[in-house]
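Notes follow the structure.
The values are calculated or read from the model by the stated rules, or taken from the named source; none is laboratory data. Not measured: the values here are computed from a predicted model. Ideal geometry is used to build each Cβ from the backbone, glycine not excepted, and the neighbour counts take in all protein chains shown. Protein only, heavy atoms only, side chains kept; ligands, DNA and RNA dropped before computing areas. Shrake-Rupley method; radii C 1.70, N 1.55, O 1.52, S 1.80 Å.
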Amino acid sequence: MAKRDAVEPETAVERFFAYLYKYANLVADQLRDRYLSQCSAHKYQFPLLMGKMWKGCEKLKENDTLESVLKHGTLGIGFIGLAEALIVLTGHHHGESEEAQKLGLKIVGEINNAAKWYSEEYNLNYSCFATPAEGLSGKFVPKDREDFGIVEHVTDKDYYTNSNHVPVWYKCTMYKKLCIEAPYHELTTGGHI
């Protein structure tokens, strides 16, 4: 995926992807800006972290900047709420519908493609990260409820489902859950829960 700008979308799915590209670009640029800012810090400012905790830090002199050490880190483009997005876009989450599963894989695949593109463009380690949602509990859903009202299985609870997980309220066997979630692992190269 090259860096994409939004086009005039006609369908809900096209609008979704236009927003996905817009925000993936925004996040990737923000991560690069933060990385460049952190690279200007010096070894002496982080005695604990630079005391053999990070690869290459032992080679730095006290006044050296951290760029050579930070370059080994990962810039993660994460996501939560895939199940809820699929419900809004298709009427079903990926555990209920093969169509939703295919769309879910396409969505996460595009996030992964964006990470690959930025990795090549900036020679940094961008990756797609299947994010846990605990840090956003109580933040996103109330705002979305204000904007969109109560949407069954989307904004009618206080959380969004972690990354690409099958929703906890959906009844299925552990084997089916594993089969549904497994294909996402090769797309979430920055890690997954």
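Quick notes on this one:
- Checked against (1) open to solvent by 40 Å² or more (accessible area, probe 1.4 Å); (2) at pLDDT below 95; (3) among the aromatic types (Phe, Trp, Tyr), residue 160 meets all criteria but (1).
- The criterion of at least 1 residues that are touching a His at 6+ places or on another chain (Cβ under 6 Å) and of a type in the set (Asp, Glu) is met by none of the helices (runs of 4 or more DSSP H) wholly inside the stretch 74-148.
- Subset of the stretch 155-184 [part of a loop (DSSP other than H, G, I, E, B) and over 23 Å from residue 140 (Cα atoms)]: 171, 172, 173
- Qualifying positions in the stretch 49-68 - assigned to a loop (DSSP other than H, G, I, E, B) and modelled with pLDDT of 90 or more: 60, 61, 62, 63, 64, 66
- Within the stretch 86-120, the set of residues being crowded, with 23+ Cβ neighbours inside 10 Å, of a type in the set (Gly, Ala, Ser) and farther than 16 Å from residue 192 by Cα comprises just one member, 114.
- Close Cβ contacts (under 6 Å, 6 or more residues apart or on different chains) running from residues in the stretch 58-85 that are free of Cβ contacts under 8 Å to residues at least 12 places away in the same chain to residues that are open to solvent by 70 Å² or more (accessible area, probe 1.4 Å) comprise 58/52.
- Within the stretch 45-75, being open to solvent by 50 Å² or more (accessible area, probe 1.4 Å) and not charged (D, E, K, R) holds for 45, 46, 47, 48, 49, 53, 54, 63, 65, 68, 72, 74.
- Only one of the numbered conditions (1) open to solvent by 60 Å² or more (accessible area, probe 1.4 Å); (2) closer than 19 Å to residue 122 by Cβ; (3) under 17 Å from the mean Cα position of the chain (by Cα) is not met by residue 37, and that is (3).
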